[in-house]
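Step one of this worksheet: look at the structure below.
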Amino acid sequence: MKCCLNNLSAPKSPAANIHITLGTAGHIDHGKTSIVRCLTGCWCDKLPEEQARGMTIDLGFAVWERPDGRRVGVVDVPGHERFIHNMVAGASGIDVVMLVVAADDGVMPQTIEHVQIVRMLGVKRGVIVMNKVDLADEDKRAYVEADIRDCVAGTFLEDAPMVRFSAKTGEGLNDLLTTLEKVVDATAERDDSGPFELHVERGFVLKGLGTIVSGIPRAGCVKLGDEVELLPDGTRHTVKGIQTYGAPSEKGRAGECVALRLSGITTEMATRGKVIAAPGYFKPSRFLNVKFFYLPHHERPLEPRTSIRFHVGTSDTPGHLVLPELARLAPGEETYAQIQLSKPVVAAPGDFFVLRLLSPVKTLGGGTVIDQSEAKLRRGRGNWLEGRMEKEKAVDDESLALLLALKSAGATPCHIDNWARQANVTKEAAKAKASTLVSEQEVVEFPGERYIIHEALMTVANDLLKRLDSLHTAHPLHLGFEKKDILKGFTGTRMVIDRAFEHLFAKNQITQKQELITLCGKEPHLSENEQRAADQLARIFLNGEFLTPRPDELPASTGLKQEMIDELLINLRQRNILVELADQILVHAIHLEKSKQVLCNHLEKHGRIRLAEYKDLLNTSRKFALPLLEYWDKAGVTKRVGDDRVLRTG
């Protein structure tokens, strides 16, 4: 890009800018550069080879100062077929196209191809300029006008205004200016609310300032002092100076021609095709999922795998277009597809692209980038097409983009910073949308600005219900289960699991009594035989006082199976009839209370007690006396002082 730049270190208040870029399109030698000169006073062909050959080779930039004082950036593109890659690089940043057709020549091959390209790049408005009318009589002018209308039929230029003009004589200049003003005023300015993204058109050195990087930001804005990232390199740089439309400024935004002076960067690093972006939002990828439109004028269907050149932003990369099915794509059809490239490029959801056949070179079509992929498309696997449809809806819907990004994170809470980057929205926008999504119960918020999608919380809650149900099925005599048993082998973040429990309690799907959690409707009901067996076991422990049998000794004395005994003992413990002191050691609750009274009576009289004394008082063994003392220590009744126990006070 050739343009005039001044001192990038001294910002001042700029004139009013219209955040729209006007670009030329048309065949070589139809007068695009001359028209830009008439509008702006700037001759864009400044390269020696351009002046020697009399044609535009690279991109040119100029500023159109409108009569109302506002400024519009103008990009002049080359018309020769051999420089289409430069034309696409320039056209990727324009909002309004000025299609130039010479009255003495009419529609030519690059006229048609340029119309196709700007159409694929998402341009929606334009003006048609029939130039060189001084070289054509009225009949020729009428013929060419009809030819042009045929060329643009079915495109966004079908009803575009057409101006007859001569860059040589100035005929029609007022009409051209008036028409351009109307079209520009009717075009929506670029939104600068997203993360900053600038596709580099040129990197060059200015004496005394260092390396300058220029381009037209696709989205967002950048301010002095901001940190930006050069991609795909991944290096970070600080913005030291900014120019918009050739004038110093404190910020540059989408739709303006911006030049940036960056710290620690060289011209070798800042080449066309690179991207300057907000750090962390964009990443290079070799595999891009896209929506592709195959231009209708082609004669042959497109094969399921085709060698192409992929143009996005200012980059131009060879690769392959891979269709989702083995069926060929007919001209005029649209499909989801994957671009598989020879090297990584940076492309954001919603970026427009153009595909050209590798050989013979011609424009196949284009479309929009939907998302990136970590791997190649494998036909017939999974729901790839359904996923792309969902992602396409999110391209222009920040709320949906945030929901899809959070959905991919599953049940792992995502911090607001990472969430915003994954959804390709600014942190400020993510915060504002998050508040609404939480209130609409689409998203669940956790401390520390962390979030999960509500659906993920419901999945965890349902998994807990299934786990509880399976435990009740395996142990139908249990009154409930401790949380540690429910979560045994259960994966997930604890804060999410706790919130899922809270949800289930609030919905009365589970209940809790002391440490036991029960699935509602699953409370145990003992049969007559089970109740008889439970009463039998309770009597054994009541009669055993402080010399009770081990559970594995009970089958011989009761005639019950060990499995039934174990289940009934847990039931009796959960009903507070029996108490487990240690592994394989249980006592009846009546005797446990008796052991406390004996202990407290002795301590109130004597102040302290030893294990041997306690054993004798209960007429038991060390095997029972020690766990009883430890039980009352844990219960806060006593505390150990050396080999003695004393009453705990305070």
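Of the cross-linked pairs K605/K639; K391/K431; K561/K634, those separated by over 27 Å at the C-alpha level are K561/K634. The string of couplings for the stretch 149-155 from the Karplus curve (6.51, -1.76, 1.60, θ = phi - 60°) is 4, 5, 5, 9, 4, x, 10 Hz, one whole number per residue in order, with x for Gly and Pro. Taking the longest Cα principal axis of the chain as reference, the axis of helix 494-506 is set at about 70 degrees.
Taking all Cα pairs closer than 8 Å and separated by 6 or more residues, the relative contact order of the stretch 88-246 comes to 18 percent. Separation of the stretch 586-650 from the stretch 99-156 is 102 Å, based on Cα centroids. Could you work out the local net charge near E613, counting Lys and Arg as +1, Asp and Glu as -1, over the other residues with Cβ closer than 13 Å to its Cβ? With Lys, Arg at +1 and Asp, Glu at -1, the neighbours total +3. With 30 Å as the limit on Cα-Cα distance, the pairs of K362/K407; K124/K407; K223/K433; K484/K623; K240/K274; K488/K522 that go past it are K362/K407; K124/K407.
Accessible surface ranking for S527, S557, 1.4 angstrom probe, highest first: S557, S527. Suppose each label sits 7 Å from its Cα in the direction of the beta carbon; what would the H415-A142 distance come out to in nanometres? Once both label points are built, they end up 7.2 nm from each other. If you take the alpha carbon atoms of the chain and fit the smallest convex hull around them, that volume is 231 Å³ per residue. Name the shape class, rounded, prolate or oblate, that the alpha-carbon gyration tensor gives for the stretch 455-597, where a ≥ b ≥ c are the square roots of its eigenvalues, rounded holds for a/c under 1.5, and otherwise prolate holds if a/b is larger than b/c and oblate otherwise. Note, shape of the stretch 455-597 comes out prolate.
Summing charges over all other residues whose Cβ lies under 14 Å from the Cβ of L404, with Lys and Arg as +1 and Asp and Glu as -1, gives -3.
Counting Lys and Arg as +1 and Asp and Glu as -1 over every other residue whose Cβ lies under 13 Å from the Cβ of V444, the net charge comes to -4.
Report note on the peptides 393-402, 250-259: ranked by the mean count of other C-beta atoms within 10 Å, highest first, their order is 250-259, 393-402.
Can you tell me, using C-alpha contacts under 8 Å and at least 6 residues apart, the relative contact order of the chain as a whole percent? Relative contact order, the chain: 8 percent. Seen against the Cα atoms of the chain and their longest principal axis, helix 398-409 is set at about 50 degrees.
Relative to the longest principal axis of the Cα atoms of the chain, the long axis of helix 528-544 lies at roughly 60 degrees.
Normalised by residue number, the volume inside the convex hull of the Cα atoms of the stretch 163-246 is 160 Å³ per residue.
Our note on the geometry: Cα centres of the stretch 401-463 and the stretch 500-571, 42 Å apart. 3J(HN,Hα) along the stretch 614-626: 5, 4, 5, 4, 8, 6, 9, 10, 4, 4, 9, 5, 5 Hz, from the Karplus curve 6.51 cos²θ - 1.76 cosθ + 1.60 with θ = phi - 60°, whole Hz, x for Gly and Pro.
Close amide H contacts of R648 (hydrogens built in the peptide plane, cut-off under 5 Å, sequence separation of 5 or more or a different chain): T638, K639.
Annotation: amide H of V275 within the under-5 Å range of V200, L231, sequence separation 5 or more or interchain, hydrogens built in the peptide plane. With the biggest extent put first, the Cα atoms of the stretch 345-459 measure 58, 32, 21 Å across the principal axes. In summary, the aspartates and glutamates within cross-link reach of K393, defined as a Cα separation below 13 angstrom excluding same-chain residues under 8 places away, comprise D371. The L617 and D485 beta-carbon pair, evaluated with R₀ = 25 Å, returns a calculated FRET efficiency of approximately 0.10.
The values are calculated or read from the model by the stated rules, or taken from the named source; none is laboratory data. The structure presented is a predicted model; accordingly, all values stated were derived computationally and were not measured. FYI the Cβ positions are ideal-geometry reconstructions off the backbone, even for glycines, and counts take in every protein chain you see. Ligands, DNA and RNA are excluded from the accessible area calculation, which covers all protein heavy atoms including side chains. Shrake-Rupley method; radii C 1.70, N 1.55, O 1.52, S 1.80 Å.
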